[in-house]
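**Student:** Questions regarding the structure given below will be posed in turn.
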Amino acid sequence: MSDYLVQFNNISKFFGKVIALKDVTMKLKKGEIMCLLGDNGAGKSTLIKTLAGVHRPDEGEIIVEGKKTIFDSPKDALDMGIATVYQDLALVSLMSVTRNFFMGREPMKGPPFFKTFDIEKANKIAAERMGQIGIDVRDPSQAVGTMSGGERQCLAISRAIYFGAKVLVLDEPTSALGVHQASVVLKYIVKAASQGLAVILITHNVHHAYPVGNSFTVLNRGKSLGTYEKKDISREKLLSMMAGGEELNKLEVELQEMNRSSAN
Amino acid sequence: MSTKSKSIETKTDFNQDERLKKVSKLRLLLNRPELGALGGAILVFIFFGIVAGDTGMFSAYGVLNFLDVSANLGIIAIAAAMLMIGGEFDLSIGSMIGFAGICIAIPAIYWGWPLWMSIIFAFSMAVLVGYFNGILVVRTGLPSFIVTLAMLFILRGATLAITRLITGRTQVPGLRVLIEDDPLAWIFATDTFKWVFTWLGSMNLIALRTDGTPLATGIPPSVIWFIALAIITTWILMKTRYGNWIFASGGDKNGANNVGVPVGRVKISLFIGTAVAATIFATIQVLDAGSADTMRGTLKELEAIAAAVVGGCLLTGGYGSAIGAAFGALIFGTVSMGIFYTDVDTDWFKVFLGAMMLIAVIFNNYIRRKVTESK
């Protein structure tokens, strides 16, 4: 038995002639936050879908709690405790917080054949759970549309945890958020990890990833550029490792030259 | 019914949050989708109370008359509303009414089937048509507007062609004699609470015919069906898992799918619901008239959708209520009958219908912005 909660070993995924992912390896322990960094087109989406069970890897193995497994569908991954929160969050903005929280998995009460949706219980749990994150849902029957982006993100994560996630895969949870909102979400992610969840945080924002991550995997053009412990790598190094880093350096140089030539 | 379950959802106090402003009952009510229709219905009654209060519109006979019209429309409007909340349209409701009518009449008159068997046959055909509509929309991903528009023409055309082929005409009369002693037909053809009206008549409280029997004989079956459907569908939407799935399927198809809601099955079942409601409408009318007409139900699908919209359903799905559609139908039914009691030319009814719908859409759009806007 290894002490890793999940291991993704040498995952490769091909679409016809295109190599979308090649030999990507990620190992996570309980309570660990691994940040997966990469620019657009680095293969992040393909990797997420592989983790979530949408794609089946063409090479490599997935080991959950010491057991080698194959995900045939997103449901398989979910049953193994790997929950993916996509960017669209799977929330319906016209529906209430409670109805969203329990969407597809409603608590029921009553005798067989006359079972009804236990709204009282659902309201209580939803308000309780949101309260734990420090989001005061002023009224669990209010529409999700009235919540801020950060609150919605937290709702989606909280829902995944409530329904038994051991590994959280978060797809760009802070990309659409302002500074304050992003910090609320990041704080919540750290809190979730401290309760024993493993978190894979997918982002292109190093500034959001660096403070919360324990380890960092950089993805570039479908290949992993390696996994680094936080103590082994600086924020600047991470930035420049992402393709965007180099580009930005180049851009800076170019802009300086432009300034110089226009000044002359 | 709906206000009761709503109060359960909203009134419970959670951790006495100091930021939770005490919202008045009125504010809570304003957030309900059926509010507009309820207000509209009250206004309509006030208007006719003033304009036609002394004309007999509000006599027992008059009331039953506009209730009957409202109830018939309401039966299909409620089903249309459920489907709209689920995010789809059904334009084939009207054609389904005509089709269901001849599905009852032709087997009963020309093939010698007992009436109950032809009624069951009509409902089976409805399930098939609804399932076909649903599976086509779900599988192809085409807009239901187009798919059911095609079905509107196909069903109406088939109804005409088949009827003329078998009977040589476009109407099939002669059903009335079959209703008596039929084990099933009474569900769609019996006036209820007759004793109330007999008693009211004997007390001289309501108008009587010259032979001493009351002019209004009982509550028509359409009204009973209408009330029962309104209660059941509201209960489904507010209190069941399936109800939550309907809102979810209409609100965000992909999101609902991602969390395990069987969106396809939900939508198909709702399409079956509209076809079955059209058949209930058809059965009641065919048994009442004693004949099936191939053109029965023409344009009814648009009235049903209009009533659902007035009742607070969004055209984009995910929001609305069944009870709202019921009020919407009540408004249309009351105005369409009430206009006879005023001096206004009945031609103006359609103008009213259109204006009412336009106001409702603008109002609903505003409500949706209120509900979804970020703080």
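The values are calculated or read from the model by the stated rules, or taken from the named source; none is laboratory data. Note that the coordinates shown come from a computational prediction; the quantities given were computed from them, not determined experimentally. All Cβ positions, glycine included, derive from the backbone under ideal geometry; neighbour counts span all protein chains shown.
**Student:** Under the condition of being charged (D, E, K, R) and surrounded by fewer than 23 Cβ atoms within 10 Å (Cβ to Cβ), which residue from region A:131-150 is farthest from the chain's Cα centre (by Cα)? So that I can check it myself, show each step before the final result.
**Tutor:** Restricting attention to region A:131-150, the residues satisfying the condition of being charged (D, E, K, R) are A:136, A:138-139.
After this cut, where a residue has to be surrounded by fewer than 23 Cβ atoms within 10 Å (Cβ to Cβ) as well, the list is A:136, A:138.
Values: A:ASP136: 23, A:ARG138: 27 Å.
So, considering only residues that are charged (D, E, K, R) and surrounded by fewer than 23 Cβ atoms within 10 Å (Cβ to Cβ), the one farthest from the chain's Cα centre (by Cα) is A:ARG138.
**Student:** I've got another one for you. Can A:GLY43 be described as closer than 22 Å to A:GLU172 by Cα, more than 14 Å from the chain's Cα centre (by Cα), surrounded by 19 or more Cβ atoms within 10 Å (Cβ to Cβ) and more than 9 Å from every other protein chain (Cβ to nearest Cβ)?
**Tutor:** Details: closer than 22 Å to A:GLU172 by Cα: yes; more than 14 Å from the chain's Cα centre (by Cα): yes; surrounded by 19 or more Cβ atoms within 10 Å (Cβ to Cβ): yes; more than 9 Å from every other protein chain (Cβ to nearest Cβ): yes.
Against the criterion (closer than 22 Å to A:GLU172 by Cα, more than 14 Å from the chain's Cα centre (by Cα), surrounded by 19 or more Cβ atoms within 10 Å (Cβ to Cβ) and more than 9 Å from every other protein chain (Cβ to nearest Cβ)), A:GLY43 qualifies.
**Student:** Taking B:GLY324, is it over 21 Å from B:PHE226 (Cα atoms), away from chain A (no Cβ under 14 Å) and within 19 Å of the chain's Cα centre (by Cα)? Full working, then the answer.
**Tutor:** Details: over 21 Å from B:PHE226 (Cα atoms): no; away from chain A (no Cβ under 14 Å): yes; within 19 Å of the chain's Cα centre (by Cα): yes.
In short, no.
**Student:** Any chance region B:176-187 includes a residue that's farther than 30 Å from B:ALA228 by Cα and free of Cβ contacts under 8 Å to residues at least 12 places away in the same chain?
**Tutor:** Taking region B:176-187 as the starting set, the residues that turn out to be farther than 30 Å from B:ALA228 by Cα are none.
Within region B:176-187, not a single residue is farther than 30 Å from B:ALA228 by Cα and free of Cβ contacts under 8 Å to residues at least 12 places away in the same chain.
**Student:** How many residues, within region A:31-51, are at pLDDT below 85 and either touching a helix residue (DSSP H, G or I) at 6+ places or on another chain (Cβ under 6 Å) or of a type in the set (S, T, N, Q) (or both)?
**Tutor:** Qualifying residue count for the region: 4.
**Student:** What's the total number of residues in region A:104-134 that are of a type in the set (A, V, I, L, M, F, W, C) and either more than 7 Å from chain B (Cβ to nearest Cβ) or in contact with a Leu (Cβ under 8 Å, 6 or more places away or on another chain) (or both)? Break it down into steps so the answer makes sense when it comes.
**Tutor:** Here is the first cut: in region A:104-134, the residues of a type in the set (A, V, I, L, M, F, W, C) are A:108, A:113-114, A:117, A:119, A:122, A:125-127, A:130, A:133.
The next check asks that each one be either more than 7 Å from chain B (Cβ to nearest Cβ) or in contact with a Leu (Cβ under 8 Å, 6 or more places away or on another chain) (or both); those that pass are A:113-114, A:122, A:125-126, A:130, A:133.
So the answer is 7.
**Student:** Could I ask something else about it? So, A:ASP88, is that one within 21 Å of the chain's Cα centre (by Cα), closer than 25 Å to A:HIS204 by Cβ and without any contact (Cβ under 8 Å) to a residue 24 or more places away in the chain or not? First the steps, then the outcome.
**Tutor:** Values: within 21 Å of the chain's Cα centre (by Cα): yes; closer than 25 Å to A:HIS204 by Cβ: yes; without any contact (Cβ under 8 Å) to a residue 24 or more places away in the chain: yes.
Taking the combined requirement at face value, the residue satisfies it.
**Student:** With respect to B:LEU149, is the statement that it is crowded, with 18+ Cβ neighbours inside 10 Å and closer than 25 Å to B:LYS267 by Cα true?
**Tutor:** On the way: crowded, with 18+ Cβ neighbours inside 10 Å: no; closer than 25 Å to B:LYS267 by Cα: yes.
Here the answer is no, as B:LEU149 does not meet what is asked.
**Student:** Same structure again: Of the residues in region B:261-289, how many are within 14 Å of another protein chain (Cβ to nearest Cβ) and either in contact with a Leu (Cβ under 9 Å, 6 or more places away or on another chain) or not in a helix (DSSP H, G or I) (or both)?
**Tutor:** Quick first cut of region B:261-289, residues within 14 Å of another protein chain (Cβ to nearest Cβ) only: B:261-266.
Filter once more, so that each one left must be either in contact with a Leu (Cβ under 9 Å, 6 or more places away or on another chain) or not in a helix (DSSP H, G or I) (or both): B:261-262.
Matching residues across region B:261-289 total 2.
**Student:** Can you name the condition, by its number, that B:VAL344 falls short on among (1) in contact (Cβ under 8 Å) with a residue 12 or more places away in the chain; (2) over 26 Å from B:ILE104 (Cβ atoms)?
**Tutor:** Checking B:VAL344 against (1) in contact (Cβ under 8 Å) with a residue 12 or more places away in the chain; (2) over 26 Å from B:ILE104 (Cβ atoms), the one that fails is (1).
**Student:** Let me ask something additional. Please specify each residue of region A:154-168 satisfying the condition of being more than 13 Å from chain B (Cβ to nearest Cβ) and in contact with a helix residue (DSSP H, G or I) (Cβ under 7 Å, 6 or more places away or on another chain).
**Tutor:** A:CYS154, A:ILE157, A:SER158, A:ILE161, A:LEU168
**Student:** Quick one: in region A:66-86, which of the residues that are in a loop (DSSP other than H, G, I, E, B) and exposed (fewer than 15 other Cβ atoms within 10 Å of the Cβ) is nearest to the other protein chains (Cβ to nearest Cβ)?
**Tutor:** Taking region A:66-86 first, the residues in a loop (DSSP other than H, G, I, E, B) are A:66, A:70-73, A:80-81, A:86.
From what's left, exposed (fewer than 15 other Cβ atoms within 10 Å of the Cβ): A:66, A:70, A:72-73.
On the way: A:GLY66: 27, A:ILE70: 20, A:ASP72: 16, A:SER73: 11 Å.
The extreme case among them is A:SER73.
**Student:** While we're looking at this one, here's another question. State all residues of region B:228-260 that are without any contact (Cβ under 8 Å) to a residue 12 or more places away in the chain and either more than 14 Å from chain A (Cβ to nearest Cβ) or not in a helix (DSSP H, G or I) (or both); if no residue qualifies, say none.
**Tutor:** Listed by number, the residues that qualify are B:ALA228, B:THR240, B:VAL259, B:GLY260.
**Student:** Considering only residues of region B:333-348 that are part of a helix (DSSP H, G or I) and in contact with a Phe, Trp or Tyr (Cβ under 9 Å, 6 or more places away or on another chain), which is farthest from B:ILE246 (Cα to Cα)?
**Tutor:** My answer is B:TYR341.
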